[in-house]
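The values are calculated or read from the model by the stated rules, or taken from the named source; none is laboratory data. All values derive from a computational prediction rather than experimental measurement. Ligands, DNA and RNA are stripped out before the accessible areas are found, and what is left, the full protein with its side chains, is counted by its heavy atoms. Shrake-Rupley method; radii C 1.70, N 1.55, O 1.52, S 1.80 Å.
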Amino acid sequence: QVQLVESGGGLVQPGGSLRLSCVASGSIFSIYSMGWYRQAPGKQRELVATITSSGTTNYYADSVKGRFTISRDNAKNTVYLQLNSLKPEDTAVYYCNFDILKHKAIDLEPYWGQGTQVTVSS
């Protein structure tokens with residue numbers, strides 16, 4: 001089995017920063033795309049950022065460009081999301097998502113973390 005575990009969420013004042021982490025473990029052969037999504041109360045889950053396996057191509061939602069940075073450490077099966085200049089509208093549960101090829105598998109499968117709460121409030 002494969003498990004994704006997130007950490008780093010919390011309560012922060014507007015303008016503050018947080019660093020989210022998500023590490024994968026289990027029967028993993030390779031991890032391709034990694035990404036972060038978020039879901040605010042009463043809203044649909046939205047894509048925040050993605051990063052390719054080489055780390056050379058990143059995507060950011062317009063609402064976070066210039067404030068959030070996604071990065072990955074392939075040796076640690078980990079993706080990070082640095083959140084700077086946080087705003088109250090960034091408040092949400094943040095989820096990581098990996099496309100993983102398991103050992104002896106032939107197809108990629110998507111896996112999700114359990115979510116970590118980010119609250120931006122004074």
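Cross-link partners of Lys43 among lysines, defined as those whose alpha carbon lies under 24 angstrom from its own and excluding same-chain residues fewer than eight positions apart: Lys65, Lys87. Heavy atoms of the protein chains alone define the surface here; on that basis the chain has 54 Å² accessible area per residue at 1.4 Å probe size. Accessible surface of the chain, 1.4 Å probe: 48 percent of it comes from carbon and sulfur atoms. Couplings for segment 44-60, taken from phi via the Karplus curve 6.51 cos²θ - 1.76 cosθ + 1.60 with θ = phi - 60°, read 6, 5, 10, 6, 9, 7, 9, 9, 7, 4, 7, x, 8, 10, 10, 10, 9 Hz in order; Gly and Pro are left as x. Note on the chain: Cα-only Rg and Dmax are 14.2, 50 Å.
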